[in-house]
Amino acid sequence: MRGKRIAILEARLGEQLAGLVAARGGIPVHAPALAEVPDLDAGAIAELVRSLEARPAALVIFQTGVGTRALFNATDGLGLTPGFLAMLAKSTVVARGPKPTAALRSRGVRIDRPAAEPYTTHEVLAAIGELPLGGSRVIVQRYGAANAELDQALAARGAEVVEIPTYRWSLPADTKPLADLIGALERREIDAVAFTNAEQARNLFLISRELKKEQALRAALNATLVASIGPVASAALREVKVTVGVEASPPKLGALLTALEKLLS
């Protein structure tokens, strides 16, 4: 990566990722494209947990580590964690990847069906398998946006799907770094762009439309090495007609950086 300019759109781990790029000789260009906004309704969570005593959930799906921790922090504050844990002990628990797995294990939760790599909705549904869901409640810990594909697949099997929001995605408060990045891409000053979340692609193009530079951004990205963390981010990039040059396997930051370094060397 020596001397190569790598655009980083990651927000929460952006500084860490920038440091890893710099350690490999690259020049990080940090332009956060996503903000995580808390979206917890303590009253709704309290009502849901209490309702589960009368009508337990057959299946509970945890999709993210940060959301799982936020949910337990909320039940801690409400004094409902023991009851929530008792409910989980009677349900089939699905974890979508290592981050929710670690968060659940820290609470002593048994994980019945872990999703396999690359941890997309397809693998979550495969982990659920043929579990009978007709007429059953299914609790889904939402990530930054509703997972319509998952909800629709569960509902099609007769489940009553209840989502628990914990945070939502939005544009960052300061979008100037994104506007500056679009300009740098237009001028071909960026060697590679790392997408670590599907919503980053959508937000980057949202800013480009506001600037009336959507076509210019698309052309610039297709003239640049575009790196994706995994299948979900790659699908979002293909939706906006951007070619993915490399996709991490497994879908982790380390694998993404290694793949980038190999192609840029």
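No value in this document is a laboratory result; all are computed from the given coordinates. Predicted model only: the values in this text are computed from it and were never measured. Reconstructed Cβ throughout: ideal geometry from the backbone, glycine too, with neighbour counts over all protein chains shown.
Karplus-based coupling profile of the range 152-162, in residue order and whole Hz: 5, 5, 5, 5, 5, 8, x, 7, 9, 8, 10, with θ = phi - 60° in 6.51 cos²θ - 1.76 cosθ + 1.60 and x standing for Gly or Pro. Put a dot 7 Å past the Cα of Leu211, heading toward its Cβ, do the same for Arg238, and the two dots end up 2.7 nm apart. Entry for the chain at q = 0.09, 0.11, 0.13, 0.16 Å⁻¹: log10 I(q)/I(0) = -0.46, -0.66, -0.87, -1.15, Debye formula applied to identical alpha-carbon scatterers, no solvent contribution. Net charge dipole, the range 188-265: roughly 200 debye, given to the nearest 20, about the Cα centre with Cβ charges of +1 for Lys and Arg and -1 for Asp and Glu. At what distance in angstrom do the alpha carbon centres of the range 170-194 and the range 38-94 lie from each other? Between the Cα centre of the range 170-194 and that of the range 38-94, the gap is 38 Å.
Using only side-chain charges placed at the Cβ, +1 for Lys and Arg and -1 for Asp and Glu, the dipole size of the chain relative to its Cα centre rounds to 460 debye. Excluding same-chain neighbours fewer than eight residues apart, the aspartates and glutamates reachable from Lys90 by a Cα-Cα span under 12 Å are Glu53, Asp112. When the Cα convex hull of the range 163-265 is projected onto planes of every orientation, the mean area is 7.4 nm².
Each Lys and Arg adds +1 at its Cβ and each Asp and Glu adds -1 at its Cβ; summed about the Cα centre, the range 108-265 shows a dipole of about 220 debye. The Rg/Rh ratio for the range 43-183, using Cα coordinates for both the radius of gyration and the Kirkwood hydrodynamic radius, is 1.02.
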